[in-house]
Amino acid sequence: MLKVFTYCDAKGRLGAFEIANFSESAEHYQGFLTDGGGIRTFRKDRVIEYHESLEQAEAAIPADYVPPEIPAPKPRSKDPAICFTGFKKDIKSQLSQRAEAASLGVRTGVSGSLSYLCCGPNAGPVKIEKSRKNGVTILSEAQFLNMLETGEIPEFDETFHYTFEATQDKNAETEEAKSVTEKVANEIQESFVGLRAVPRREVLIAQFEDGFAAGWKFAVPENFKAMLDIKWTPTVVHGHQFHGWTQGHAFEFSRGTMIHSNRSGYVHGVTLQVFSTSPAGFETKNALIGDFTGSYINQNVSITELDQHRLEVSRQMYDPGAVVFDIYDSASSSGSGPKRVTLSQVEFVALLQHGFYWEKPTSKDERPKKVVLVK
């Protein structure tokens, strides 16, 4: 998987780049330079043009090139989340405090809502690669601190010696030995309430006809797929890769989103407008991380000896998130203005599907009340 482009960096220098094994977020590409230059981070809004080959990209750079005006960093549409890994406890605590002071959410593990993974000298390559495949941007400590100071992520940190080869052959292990130890690590994690991996599924919660979700009470447009965690993803079957739409669990409706009960908009109907939101997804609640030496006995059948093997056993729980939204009803004559309601992301999706929600009781003497918005 390659991407080739011409690019203008923070100093106005134009260059041609080819990256392999890349991941991407809403604002960045991150991948390994094919010339062996290690991992690099590129801002999407600084890509000048995409090309079919590196030779074509290099030929597209004019000899009389004049650096254009560099776009300023875009303001964050939401507060992103960061996880620190591979640092000593005191350094990790200091970095976490700086992140929180900059309105960054600090996570203890890799989750669906993670934006950045800041890696220290003891960061595990498996965790790094897993994060990159989920679109998480990898940072060194220096890149993180520069981002806090300037809003920019430096494209390269010479002190961050993380290469594609290092992820395949860490600690001089052979590929066969590494495969065995990783398999054992996965078995241990699964046996002891381990890392919970919820696979994406091919059955979607919405099918779209004429640009809207078919059968839903509210007119949910097709361009809301990302909010419903419906994504175009690759799947490998018997060594062959193909792409298709898959369904995840990380619902996230953005602030300001408006959804109408009919396709004509606000007139003669109900309109929902999102006031604030927190995403749904899996969060790490408990974790046990360290180097383990000893014997792993699997169902009294096999014994595997481990020597200073890095293990991360954690328990994750599903956080349904939250949506605070206002209800505007054109048929209402109360004159009291919109009604503000708080639901989980999952409950909000159910409201869009079925046209009603359950109002939770505020005391033990009350019962849940069914509120129908669209019949």
Original post:
What length, rounded to one decimal in nm, is gained on full extension from F356 through to A59, with 0.36 nm per residue of separation minus their alpha-carbon distance?
Top reply: 101.0 nm
Original post:
A287 versus K44, label points 7 Å from Cα toward the beta carbon: distance in nm?
Top reply: 2.7 nm
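Given R₀ = 35 Å, FRET efficiency for S344-V203 by Cβ-Cβ distance, to 0.05?
Calculated value: 0.95.
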Subject >> Candidates per GluC sites (Glu not before Pro) in the range 1-63, loop by DSSP, up to 10 other Cβ within 10 Å >> reply: E52
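Between V106 and K92, what length comes free when the chain is fully extended (0.36 nm per residue of separation minus the Cα-Cα distance, one decimal in nm)?
Details: separation 14, 0.36 × 14 = 5.04 nm, distance 1.08 nm.
Fully extending the segment from V106 to K92 adds 4.0 nm.
So if R0 is 30 Å, what FRET efficiency would E24 and Y318 give, r being the distance between their Cβ atoms, rounded to the nearest 0.05?
Working: r = 25 Å, r/R0 = 0.85.
The formula returns an efficiency of 0.75 here.
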Original post:
If packing is taken as the mean number of other Cβ atoms within 10 Å per residue, what is the order of 135-145, 231-241, 336-346, highest first?
Top reply: 135-145, 336-346, 231-241
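Based on the Cβ-Cβ distance from E152 to K369, what FRET efficiency comes out when R0 is 35 Å, to the nearest 0.05?
On the way: r = 50 Å, r/R0 = 1.44.
After rounding to 0.05, the efficiency reads 0.10.
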Original post:
Do any GluC sites (Glu not before Pro) in the range 338-375 lie in a DSSP loop with no more than 16 other beta carbon atoms within 10 Å, and if so, which?
Top reply: E366
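Would you mind counting up the charge near K360? Only other residues with Cβ under 11 Å from its Cβ, with Lys and Arg at +1 and Asp and Glu at -1. Walk me through the numbers on the way to the answer.
Numbers: positive: R367, K369; negative: E347, E359, E366.
Computed value for this residue: -1.
Coordinate-derived values only; no laboratory data. What you see is a predicted model, and the numbers here were worked out from it, not measured in a lab. Ideal geometry is used to build each Cβ from the backbone, glycine not excepted, and the neighbour counts take in all protein chains shown.
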